[in-house]
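Working notes, structure below.
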Amino acid sequence: MEFDNNIPIYVQVINMIKKDIIQGKLPMGAKLPSTRELAVQYHINPNTAGRIYKEMEMQNICYTKRGLGTFVTEDSEVFKAMKEDMAEDLVNSFIKEMKDLGFSKEDLLSVVSVEYDKES
Amino acid sequence: MLECSNLKKVYLNKTAVEDISLTLEKGRIYALLGPNGSGKTTFMKMISGLVKPTHGTIEYEGMPIGVQSKKDIAYMSTEPFFYSFMTVESVGKYYKDFFEDFDEDKYVKLIGEMELNMKDKVNKLSSGMSAKLKIAATMARNAKLYLLDEPLNGIDIIAREKIITTILNAASDDSTIVISTHLVDELEAVIDSVVFIKDGKSVIYGDAEQIREQRGKSIVELYKEIYG
Amino acid sequence: MLKLMKYEFRKQMFSKMVIAIILGVLVGYFAVMNIMDKEQNAAVALGLMFFVMMVAAFYVSMESLVVYGKDLKTKQSYMLFLVPQSSYKILGAKMIAAVLQIFFTMAIYIVTLGLCGMIYLMKYSNIKQMLEFLKEIFEVSFDMQIDFWLVFKVLSSMFILWVFIVILGIFAETLMNTVLTRGKLTSFLSVVMYIFIFWAVARVESGIYDGMIAANISNAVANAIDIIYYLVVDVALYIASAWLIDKKLSV
């Protein structure tokens, strides 16, 4: 597993899990791996894995059933908000980079439109 | 679980460890960092009871290093150390004969995962294979404290992944793992505590995340700064 | 302790087998030459056997010390000293194993010589004569016992001395790798010390023996005390070595 040394590892893994949830690889209500399994899967420290679930619980992305494990939220509002959050983060950093390159709003939108059509 | 104070080891004409004082806590994975010759190996050997300190004390669960601590501590050296007349199978027998915490089934499983053969002679193994054998034998013990001296040395990338998985599987709330290495980036995500050793002294030690936050640097960057 | 001994045997089993095989081949050769009436060749075989025995005796003693040296100086030492057993048990197992090696080697020798004796007997007497010979042995058993006693005395004192040589060697090696550490003069010093201790122990022993003879103590008792004296020295060397390992050894 390759990690970016400048971003805390738990943040990076949370983002990966969020992506899996948004893409449906981890459907709503699905059981998440145990802390140890998560550690082994991502090759991260078990304590970091524990912290990941704690953070995600705080953000209501998942919840723990005593003795059963951790599960992905079934709340579609949370799901929607998470998706929007991630999109916002991506767009924001994209806008910032584009601004740095000197793109105006119109230029940016037209580039996006052209490239999006090429992709699909 | 383990406390060292003012540890010093002087050999005939050189000082291997100058002054190390630190406490290891239960349930953590430590990286013991430093270039070759900084005293990492001697430090680990003192904890495992192979080397007697010239000065200073080590307490494991409140006791000095001895027969009892050796039951709980699993040390793996960098170099191969099995008897040359042994096979992969008889290494397992040896461990079973002497270590109460040795789990035979786990050993068989690990040997399979490492793609070793029970009938292979120890002295016919390639360096990569004997490194895997060392890991399998050591990690098949359900030890309280694992001391792994450069476990990734001389091992290809595929096997490294397997070894890291094995180490993570052994990690639990009541086992502590110390990994000495000079390949920090491979282990940055795996460890939660670090000990930097320079010229036989412990220069920085503590929680990895805290150190990253305080210094605004990754452990890899800090490593380069300290030893560069 | 038994487990420790098991591995000590494993480390040295090979050489005992080699010795047994060489002697076995020589005995076979000796037998065949006797049957073919080639006395000269048989004599050569016998001479070779004695030569092999002498060299092997030396080698077996050395081997225990060489193995111990490896257990102290090479990476192999981790195998032994990571084991959660006290140094007294570790060294005790090693010494008992070394003594048993000597015992086994002597047993191999006795069997070899016994076989040669039997071959001679079979050659120079027919079955009837041999049975008579055996009868004779029973008849003069009283005289034979004295001879057996002498043989036993010679063998046991050889055994005791041999054991002492090896145990003193183990002590010298321990000393060399602990207190004296690994300096340039270390090996030389330990050889000097070995010779000195050997000489001193033998000096004291002959002093005691002479004293006992002068005090009109019977020969048997004097011999027994002699053996006890060496045993005490062996045990003292064992305790000193184990203590050194416990307190001072860094591998």
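The values are calculated or read from the model by the stated rules, or taken from the named source; none is laboratory data. Being a predicted model, the structure only gives us computed values, none of them experimental. Positions of Cβ are generated from backbone atoms using ideal geometry, with glycine treated the same way; all protein chains shown enter the neighbour counts.
Anything in region C:70-99 that is in contact with a Leu (Cβ under 7 Å, 6 or more places away or on another chain) and in contact (Cβ under 8 Å) with a residue 40 or more places away in the chain? List them, or say none.
C:Tyr78, C:Phe81, C:Gln85, C:Lys89, C:Ile90, C:Ala93
Determine which single condition B:Thr15 fails, assuming it passes every other condition in (1) surrounded by fewer than 20 Cβ atoms within 10 Å (Cβ to Cβ); (2) under 15 Å from the mean Cα position of the chain (by Cα); (3) hydroxyl-bearing (Ser, Thr, Tyr).
Only one criterion in (1) surrounded by fewer than 20 Cβ atoms within 10 Å (Cβ to Cβ); (2) under 15 Å from the mean Cα position of the chain (by Cα); (3) hydroxyl-bearing (Ser, Thr, Tyr) is unmet by B:Thr15, namely (2).
How many residues does region B:181-228 hold that are among the charged types (D, E, K, R) and over 24 Å from A:Ile52 (Cα atoms)?
Final tally of qualifying residues: 5.
So B:Leu152 passes all but one of these: (1) over 21 Å from B:Met114 (Cα atoms); (2) surrounded by fewer than 22 Cβ atoms within 10 Å (Cβ to Cβ); (3) within 13 Å of the chain's Cα centre (by Cα). Which condition number does it fail?
Answer for B:Leu152: the failing condition is (1).
Looking only at residues in region C:1-26 that are under 14 Å from C:Leu113 (Cα atoms) and modelled with pLDDT of 90 or more, which one is nearest to the other protein chains (Cβ to nearest Cβ)?
The extreme case among them is C:Ile22.
Read through the list (1) surrounded by 15 or more Cβ atoms within 10 Å (Cβ to Cβ); (2) within 15 Å of B:Lys144 (Cβ to Cβ), then give the number of the only condition that B:Ser38 fails.
(2)
So B:Ile73 ticks every box in (1) of a type in the set (Val, Ile, Thr); (2) in contact with a Lys or Arg (Cβ under 8 Å, 6 or more places away or on another chain); (3) over 22 Å from B:Lys144 (Cα atoms) but one. Which box is left unticked?
(3)
Working only within region B:44-66, note down all residues that are in contact with a Lys or Arg (Cβ under 9 Å, 6 or more places away or on another chain), over 25 Å from B:Asn153 (Cα atoms) and not hydroxyl-bearing (Ser, Thr, Tyr).
Within region B:44-66, B:Lys52, B:Pro53, B:His55, B:Gly56, B:Glu61, B:Ile65 meet the criteria.
Just for region A:16-57: of the residues that are under 20 Å from B:Arg212 (Cα atoms) and within 14 Å of the chain's Cα centre (by Cα), which one is surrounded by the fewest Cβ atoms within 10 Å (Cβ to Cβ)?
Looking at the filtered set, the residue picked out is A:Glu55.
Answer with yes or no whether C:Met79 is surrounded by 15 or more Cβ atoms within 10 Å (Cβ to Cβ) and in contact with a Phe, Trp or Tyr (Cβ under 7 Å, 6 or more places away or on another chain).
Yes; evaluated as a whole, the condition is true for this residue.
Return the pair list, or none, for Cβ contacts closer than 9 Å from residues in region C:228-251 that are under 20 Å from B:Lys9 (Cα atoms) to residues that are among the charged types (D, E, K, R) and in a helix (DSSP H, G or I), at least 6 apart or on different chains.
Correct list of pairs: C:Ser250/B:Lys45; C:Val251/B:Lys45; C:Val251/C:Asp71; C:Val251/C:Lys73.
Considering only residues that are surrounded by 11 or more Cβ atoms within 10 Å (Cβ to Cβ) and outside any helix (DSSP H, G or I), which ones fall in region C:208-251?
Those that are surrounded by 11 or more Cβ atoms within 10 Å (Cβ to Cβ) and outside any helix (DSSP H, G or I): C:Ile217, C:Leu249, C:Ser250, C:Val251.
Which residues, taken from region B:154-184, are at the interface with chain A (Cβ under 9 Å from one of its Cβ atoms) and polar (S, T, N, Q)?
Applying the first criterion (at the interface with chain A (Cβ under 9 Å from one of its Cβ atoms)) to region B:154-184 yields B:161, B:164-165, B:168-169, B:171-173.
Scanning region B:154-184 gives B:Thr165, B:Asn169, B:Ser172.
Assuming C:Asp37 fulfils every condition listed in (1) assigned to a helix (DSSP H, G or I); (2) at pLDDT below 85 apart from one, which condition is it?
(1)
Give C:Val179, C:Val201, C:Val151 a once-over and let me know the one that is loosely packed, with under 13 Cβ neighbours inside 10 Å and in a helix (DSSP H, G or I).
C:Val151 is the lone residue from the list that is loosely packed, with under 13 Cβ neighbours inside 10 Å and in a helix (DSSP H, G or I).
Failed condition for B:Ala189, given (1) at the interface with chain A (Cβ under 10 Å from one of its Cβ atoms); (2) outside any loop (DSSP other than H, G, I, E, B), with all others met?
Of everything listed in (1) at the interface with chain A (Cβ under 10 Å from one of its Cβ atoms); (2) outside any loop (DSSP other than H, G, I, E, B), B:Ala189 misses just condition (2).
Can you name every one of the helices (runs of 4 or more DSSP H) wholly within region B:11-126 that holds 1 or more residues which are more than 12 Å from every other protein chain (Cβ to nearest Cβ) and farther than 17 Å from B:Glu150 by Cα? Can you show your working first?
Working: elements: B:40-48, B:67-72, B:88-98, B:104-113.
Of the helices (runs of 4 or more DSSP H) lying wholly inside region B:11-126, those with at least 1 residues that are more than 12 Å from every other protein chain (Cβ to nearest Cβ) and farther than 17 Å from B:Glu150 by Cα span B:88-98, B:104-113.
Restricting attention to helices (runs of 4 or more DSSP H) lying wholly within region A:9-73, give those where 1 or more residues are more than 14 Å from chain B (Cβ to nearest Cβ).
Those helices (runs of 4 or more DSSP H) span A:9-22, A:46-58.
Taking B:Lys132 as the residue in question, decide whether it is buried (at least 22 other Cβ atoms within 10 Å of the Cβ) and among the basic types (Lys, Arg).
So B:Lys132 passes the test.
Taking the condition of being at pLDDT below 90, within 11 Å of another protein chain (Cβ to nearest Cβ) and either surrounded by fewer than 16 Cβ atoms within 10 Å (Cβ to Cβ) or part of a strand (DSSP E or B) (or both), how many residues in region B:192-219 meet it?
Number satisfying all stated conditions: 2.
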